[in-house]
1. Among H213, H130, what is the fewest-to-most ranking by other Cβ atoms within 10 Å?
2. Efficiency by 1/(1 + (r/R0)^6): what FRET value for L37 and K11, r their Cβ-Cβ distance, R0 = 22 Å, to the nearest 0.05?
3. Given a cut-off of 18 Å, name the pairs among K41/K67; K361/K558; K393/K558; K41/K85 whose C-alpha atoms lie farther apart than that in the structure shown.
4. Tell me, what ³J(HN,Hα) does each residue in region 234-250 have, in order and in whole Hz, if you take phi through Karplus 6.51 cos²θ - 1.76 cosθ + 1.60 with θ = phi - 60° and put x for Gly and Pro?
5. Let's test the formula: R0 of 41 Å, r as the Cβ-Cβ distance of R560 and K444. What FRET efficiency results, to the nearest 0.05?
6. Once phi is turned into θ = phi - 60°, what whole-Hz ³J(HN,Hα) does the Karplus curve with 6.51, -1.76 and 1.60 give for every residue of region 362-379, x standing for Gly and Pro?
7. Determine, for S565, S455, the number of other Cβ atoms within 10 Å of each Cβ, and report the residues in order from fewest to most.
8. Considering the Cα trace of region 1-42, what is its radius of gyration and what is Dmax, both in angstroms?
Amino acid sequence: MARVGDIIDGKYEVLSLVGQGGMSRVWLARDRRLNKLWAVKEIGRTARDANNEVVVQSLITEANLMKRLDHPMLPRVVDIIEDGKTIFVVMDYVEGTSLKQAMRAAGRPMAERDVIGWGIQLCEVLEYLHSRTPPIIYRDMKPANIMLREDGTVRLIDFGIAREYKEGKTSDTKILGTRGYAAPEQFSHEAQTDARTDIYSLGVTLYVLVTGHAASKETYWRPIRQIDPRLSEGLEHIIAKATQANPDDRYQTAADMRYDLENHEKLTGAYRGALRRKLRLFGALRGAAACLFAVGASCLGASAYLRNTTYDAYLASARAASTDFAGADGASPAEGRYVDAIGVDPARTEAYSELVNRVYKADQDFSIAEASRLQGLMGAHLADVEGADGYAKLCYDIGTLYYVYYEQADADESRDYAMSAGIQAAQWFQAAVDSHDARASSGKGCALTASERSSAQVYVTIGEFYQRLSQATLEGFEGNVYEGYWQSLEEAFDGLSDDDPVMARLRLCSLINQAVSSPTYLNGFRRAGVARDQAQALLAKATQMAEGLAREAASSQKARRICDSIVSEGARAAAAENIARAYESAGATAPQKSAAHEGAGDGTSAGGAPARETAR
C-alpha cells in the first residue's frame, strides 16, 4: 500500500491521505511533471478474498464509467495504474469539504436556502447521468459523497456502485447501497434500480441536511415541519414525494424534481388545491372533447391549436422577459419561459434556438451552470427534437456557443474547462454534420449552408485533437495527429468572414496564436512537415486580424483581454522566439515522441489551446 512520499508510476508524488473506507484509500498526489494536484484512489488485491474482488471490480467499474463522463460537477479519471497487487485510479482532486463534514462542523442543520440550491445542482447532474446511453444510475447519493466548494457549488464523487441501466432487466445482480439513504428497491432481488432510485436518495439527503436528523426509517418519515416549523411547505412536499416507497409515486425524472425545487415557494396547500381543481376541470374538458371526437376530428385540431397557442405565448413572454436578472438557480426569467415553452412542445426548435442565441450568448459568457442546465434540457428532450427540421442548425449554434463563449476565467481549473469546451463543441458540430448529411441524402433539403457545413467539420477535427490530447496521459498519441490539426487551423482561418461574430474571430486568432507559441505543439507541427515560414505566416495572419478587431473588441472586457493576449509586444516576442527555437534547436529528423511523454498536459487556455510557454 502507498505511503506519504512514495512516487506512483514514476510521476505521482503522494502528499497526504485525504480519505479511506472499507478496503480503499484516497491520497492527495502531485504530478511532478505538470505540477498539478490529483486525487488517487488506491485498493490492493487480496488473493482468494471474494469480498475484495467485489471491491476491486467496483473500482474498475467506477473508473471505466467516469472515463466516459464529461460534466463540470463530476471529477474526471485521467490515469489507471495497476501493478498486479494494487490498483491506482488518478482523478481530479476536488477541493472543498463534504456536506457531511460541513454539517458536522456547523453543529446544526443547513440553511433551507442553501439546501434547495444544492438540490437543484444535484438534480442537474442526475439529469446528465440519466440521459447517457445507456443511462447511468448513481445509487449512492448521500452527504458524504457530495463535495462543497468555496464558491457554493457542489461536486458528486465516488461512483463505486454506480451502474448502467439495462433495458428489460427485472432485477439487479448485487444488493448495494447505504442503509438509510438507499431506496427500498436497492435491497430487493425482485426490483431493478433506475432513475427514480437516485431521486429517492436525493430526497433523503435533502431531509438529512435540512433537519440534521440521521437517515433512518424512524426519522425521515416524519414531515420536516414537525421537526422545524420554520421550514417551507414546498420543500416538505418535495421531500415527501421524492421518498415514497413505491417508485411510481415519486418524481419520475430529476428534471421534474428540479422544477419543483426551483418553484418550491409556490407549492403551498392552497396552490396545490387550485392546481387539482384545474386538473379536474381539464379532465372534464378532456371527457367532453372525447365525446366531441365521436362527432368529428375537429378536437384534434383544437388540441394542436391549444398547444401551439400556449407555446407561442411562452415564446412571447420569454422575448419580453429579462435576460439579466438571475434567480436562486442562476437562470434568468427569459430562460425559465423558454424552458416552459420547450416543455409544451419539445419537438419545435424555436425555443431552443432563442434560448441559445438570445440568452446564453447575450453576455458573451456561457457559464458552467448554464452549460449544466442546457445539457440536462437537451438530454431530456433529445428524442423529441433530433428529427426536427431545424435540429442541424440548433446543433451548430450550440457547438458555436461552447467553442466561442464557454470559459471558466480566473479559476485554477480553467485550463481543464477550456479543453472540455473544445470537446463538447466538437460533439455538437458532429451532430450538426450528421443531421445535415442525413437530410441531404434523403432529399429533404439542406439544413446548413455550405459554409456552416464546412466550418462544422473543421471544428470536429479540432475537437478530436483535444480529445486525443486529453487522453494522452493514458494512451499517448497514435500516429501524427498534428498534421490534421494544423490543416484544420488553416482551413478554419480561411473560412472566416466579416459576418462571423467578433468573439468567434478573436477566439480562432487566439487558438492559432497559442498553438504556434507552444514548444510542445510546434515540435509536433514540425515533425508533421509544417515548415517554419508556414508557422510564421499563420501567426502573422492571426495577429493582423486581431489588430483589425481591436476597435470592435473594445466594448467587451473579455474580447479586449483576448485581443491583448495576441497583439501585445510580449505575446508577439514570445511567439516569435518559440518558433525560432523549435526550428533551430531541433533537427528535422528528431524522433517522434508521444504527447504523453512530451508534456501533453501543458496548460490550455480558452478553446483548448495550449497556454503560452517559453521554449527551453
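Taken together, the values in this text are just the output of simple stated rules run on the coordinates, not laboratory data. The shown structure was predicted, so the numbers you read here are calculated from the model rather than taken from an experiment. Ideal geometry is used to build each Cβ from the backbone, glycine not excepted, and the neighbour counts take in all protein chains shown.
1. H213, H130
2. Given R0 = 22 Å and the Cβ-Cβ separation, E is 0.95.
3. K393/K558
4. x, 5, 4, 5, 5, 5, 4, 5, 5, 9, 5, 5, 7, x, 5, 8, 8
5. Calculated transfer efficiency: 0.40.
6. Working through the residues one at a time gives 4, 9, 6, 8, 8, 7, 4, 4, 5, 4, 5, 5, 5, 4, x, 5, 5, x Hz.
7. S565, S455
8. My reading of the Cα-based Rg and Dmax gives 9.7, 32 Å.
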